[in-house]
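This report refers to the structure that appears directly beneath it.
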């Protein structure tokens, strides 16, 4: 579906040399393999991981399970066929089998639990749940495999009836058996869980409500492995994630903070005592953003992965006094949520690694210990998933920058020069704003930017206030101030780059998805700084957003207000309120089935700009949610954005 006003003419749609070059680059990027979940075997000798590949003739990437040897003695290889898409690899404790999820008979079937022997043979279907399974974990002693599954029947869609969602229940199946056993009550939604070291209990982050938005109101508890009532341990006011048992089973570490998106979060690290229920902050005032942790064997220290400015770090945390000692100062892992898969003795780990020069691949790390604490990590690259891209795409020049915002706050960002230049003048600038706001731009290989770099644009990725990398106070600074200091941080970065003579300050575009789309829409109603904008899955009307989104708790937190009690707070931060000021040509892209930011947000802003005779185009992609997943849609969206910028920026 396409609705356009002042859209680009057919004559303008012919390929210019810069766009043709950019689209050739985009084709190569879209054909790249993408690594997913990484799981190390208990003995540290093997790593299982998901590889998502483009299949000719298909619109979506398909997953398969691969295995690599951590000593690099053999080339990584697929161990499943990828016929129906395989995900969620999980090792048996003896390292001889892999559990995983796939559809047994094709697209119409629900994904089910399978096991394959690494010694040979076909995958075995273990059990079949009516709603399928997800989130597999093998108990440390090998006695059970736990998984999550939705309760009840799938609701009909004709007619669509607004009714409570289905709970997600925790189940397990015993080794050598095929009959699943319920672990938690049917009226509780389990969001995240983790086995205790002795396999007798599971720690849970769960909610009494079944909706996506109930994630913001969950609590931590424990349940016996054989099932039973959940013992609640916390009375949290904020969501939690990344549960980690202490070696003696007496404490559970976790992260908790004000986060915009379910399942994602970086914050201080807390611990709750199973005996006293006391919760303590183990990292108060830390000026980085932890995303993962695990207890070391001595029970007093933890291994921590965290975002620091625009990179990732690994450190040893002393839980007694909050002191930290770095093991790895600069090693970018999973985009903006670094984590490790690590053996129980903490001697070998595995993760993804990327840099501005290298696409994501699987790496293993060997930890050196002194006095029962790790002192060093030696890394080894295990895969080379994209040799064509590595050898054919030009190297990029990315600079880590730090500048002052309007109020003096230091802001981090990444600035990348174009890989192709068109003329001798300074390059135009594309400000690519990340979503969230909970998230961060880190110095990884950014495939989404390669087409713009090839078209001659420099790219600026700012970590505005609300981002991770400078601690909780920095991340929380945007709450109740959406569109305030965050926009000033972005504008200050643009002025810094222009003042330093790095870009042509008269040719600047802005764009982004989700919160990046919101800030792009907000920017064109607050300033005339930008020649063009792209609003991807962005919010234009916070009040209407609250009425339609599946995560209504998020906007209450970000606005710092209840929409029924203080609607003015929502009006003040809504682009639609000030759309009459907008003059910037704006391209609007949105998924038709977006549950988080419903497509009405796109229609509203499109209508407002059209009624003010502002150049605008609105493109709605069928079957897509909060972001694009089909190959043709990904290509179309990038091509449209390139054309829009060429028309109004260059």
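The values are calculated or read from the model by the stated rules, or taken from the named source; none is laboratory data. These numbers come from a predicted model, not from an experiment. Cβ sites come from the backbone with ideal geometry, for glycine too, and all protein chains shown count toward neighbours.
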Checklist entry - How many residues are touching a residue at least 40 places away in the same chain (Cβ under 8 Å), part of a loop (DSSP other than H, G, I, E, B) and either under 26 Å from residue 20 (Cα atoms) or more than 30 Å from the chain's Cα centre (by Cα) (or both) when one looks only at region 623-650? => result 4
Checklist outcome for this item: Those residues of region 591-608 that are more than 23 Å from residue 527 (Cβ to Cβ), in contact with a helix residue (DSSP H, G or I) (Cβ under 8 Å, 6 or more places away or on another chain) and not in a loop (DSSP other than H, G, I, E, B) come to a total of 1
Item to check | Count - residues of region 120-146 that are modelled with pLDDT under 95 and out of contact with any strand residue (DSSP E or B) (no Cβ under 9 Å at 6 or more places or on another chain) | outcome: 2
Item to check | Restricting region 264-295 to residues that are in contact (Cβ under 8 Å) with a residue 60 or more places away in the chain and in a strand (DSSP E or B), the residue that is nearest to the chain's Cα centre (by Cα) | outcome: 291
Checklist outcome for this item: Across region 200-209, the tally of residues that are farther than 14 Å from residue 166 by Cα and buried (at least 17 other Cβ atoms within 10 Å of the Cβ) stands at 5
Checklist entry - Tally time: how many residues in region 597-622 are within 24 Å of the chain's Cα centre (by Cα) and free of Cβ contacts under 8 Å to residues at least 24 places away in the same chain? => result 1
Checklist entry - If you scan region 148-176, which residues turn out to be closer than 30 Å to residue 344 by Cβ and either surrounded by 13 or more Cβ atoms within 10 Å (Cβ to Cβ) or touching a helix residue (DSSP H, G or I) at 6+ places or on another chain (Cβ under 7 Å) (or both)? => result 148, 149, 168, 169, 170, 171, 172, 173, 174, 175
Checklist entry - Hey, any hits in region 378-400 for a residue that's farther than 18 Å from residue 355 by Cα and either surrounded by 16 or more Cβ atoms within 10 Å (Cβ to Cβ) or modelled with pLDDT of 95 or more (or both)? => result no
Checklist entry - Since residue 113 meets every condition but one in (1) closer than 20 Å to residue 147 by Cβ; (2) in contact with a strand residue (DSSP E or B) (Cβ under 9 Å, 6 or more places away or on another chain); (3) assigned to a loop (DSSP other than H, G, I, E, B); (4) touching a residue at least 40 places away in the same chain (Cβ under 8 Å), which condition does it not meet? => result (3)
Checklist entry - Among the residues of region 463-473, which ones are in contact (Cβ under 8 Å) with a residue 12 or more places away in the chain, outside any loop (DSSP other than H, G, I, E, B) and surrounded by fewer than 24 Cβ atoms within 10 Å (Cβ to Cβ)? => result 472
Checklist entry - Does residue 190 qualify as being in contact with a strand residue (DSSP E or B) (Cβ under 6 Å, 6 or more places away or on another chain) and closer than 24 Å to residue 237 by Cβ? => result yes
Item to check | Selection status of residue 594, surrounded by 17 or more Cβ atoms within 10 Å (Cβ to Cβ) and free of Cβ contacts under 8 Å to residues at least 60 places away in the same chain | outcome: yes
Checklist outcome for this item: Within region 630-650, restricting to residues that are touching a strand residue (DSSP E or B) at 6+ places or on another chain (Cβ under 6 Å) and closer than 15 Å to residue 588 by Cβ, the one that is surrounded by the most Cβ atoms within 10 Å (Cβ to Cβ) is 645
Checklist outcome for this item: residue 7 meets each of (1) modelled with pLDDT of 95 or more; (2) surrounded by 13 or more Cβ atoms within 10 Å (Cβ to Cβ); (3) touching a strand residue (DSSP E or B) at 6+ places or on another chain (Cβ under 7 Å) with one exception, condition (1)
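For every residue, the table says whether it meets (1) buried (at least 22 other Cβ atoms within 10 Å of the Cβ); (2) closer than 24 Å to residue 445 by Cβ.
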residue	(1), (2)
57	no, no
77	no, yes
100	yes, no
109	no, no
Next on the checklist: Looking at 535, 545, 558, can you tell me which residue is buried (at least 20 other Cβ atoms within 10 Å of the Cβ), within 25 Å of residue 263 (Cα to Cα) and without any contact (Cβ under 8 Å) to a residue 60 or more places away in the chain?
Outcome noted: 545
Item to check | Qualifying position, being more than 23 Å from residue 310 (Cβ to Cβ) and over 21 Å from the mean Cα position of the chain (by Cα), among 524, 494 | outcome: 524
Next on the checklist: Would you confirm whether or not region 297-311 contains a residue that is part of a loop (DSSP other than H, G, I, E, B), closer than 19 Å to residue 193 by Cα and at pLDDT 95 or above?
Outcome noted: no
Checklist entry - In the list 261, 187, which residue meets the criterion of being part of a loop (DSSP other than H, G, I, E, B) and surrounded by fewer than 14 Cβ atoms within 10 Å (Cβ to Cβ)? => result 187
Item to check | Count of residues meeting criterion [farther than 20 Å from residue 454 by Cα and out of contact with any helix residue (DSSP H, G or I) (no Cβ under 6 Å at 6 or more places or on another chain)] in region 401-421 | outcome: 8
Checklist entry - Out of all the residues in region 346-360, is one or more closer than 25 Å to residue 43 by Cα, more than 17 Å from the chain's Cα centre (by Cα), touching a residue at least 12 places away in the same chain (Cβ under 8 Å) and assigned to a loop (DSSP other than H, G, I, E, B)? => result yes
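Conditions (1) assigned to a loop (DSSP other than H, G, I, E, B); (2) modelled with pLDDT of 95 or more; (3) crowded, with 24+ Cβ neighbours inside 10 Å; (4) out of contact with any strand residue (DSSP E or B) (no Cβ under 8 Å at 6 or more places or on another chain), marked per residue:
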position: 423; (1), (2), (3), (4): yes, no, no, yes
position: 427; (1), (2), (3), (4): yes, yes, no, no
position: 430; (1), (2), (3), (4): no, yes, yes, no
position: 442; (1), (2), (3), (4): yes, yes, yes, no
position: 451; (1), (2), (3), (4): no, yes, yes, yes
position: 461; (1), (2), (3), (4): no, yes, yes, no
Next on the checklist: Here are the criteria: (1) in a loop (DSSP other than H, G, I, E, B); (2) under 26 Å from the mean Cα position of the chain (by Cα); (3) at pLDDT 95 or above. Tell me which single one residue 407 does not satisfy.
Outcome noted: (2)
Next on the checklist: From the list 193, 205, 216, exactly one residue is in contact with a helix residue (DSSP H, G or I) (Cβ under 8 Å, 6 or more places away or on another chain) and not in a loop (DSSP other than H, G, I, E, B). Which is it?
Outcome noted: 216
Item to check | Residues of region 478-488 satisfying the condition of being part of a loop (DSSP other than H, G, I, E, B) and either buried (at least 23 other Cβ atoms within 10 Å of the Cβ) or within 21 Å of the chain's Cα centre (by Cα) (or both) | outcome: 478, 479, 482
Checklist entry - Considering region 231-256 alone, what residues qualify as being under 18 Å from the mean Cα position of the chain (by Cα) and at positive phi? => result 242
Next on the checklist: For region 59-73, give me the residue count where each residue is loosely packed, with under 15 Cβ neighbours inside 10 Å and touching a strand residue (DSSP E or B) at 6+ places or on another chain (Cβ under 8 Å).
Outcome noted: 2
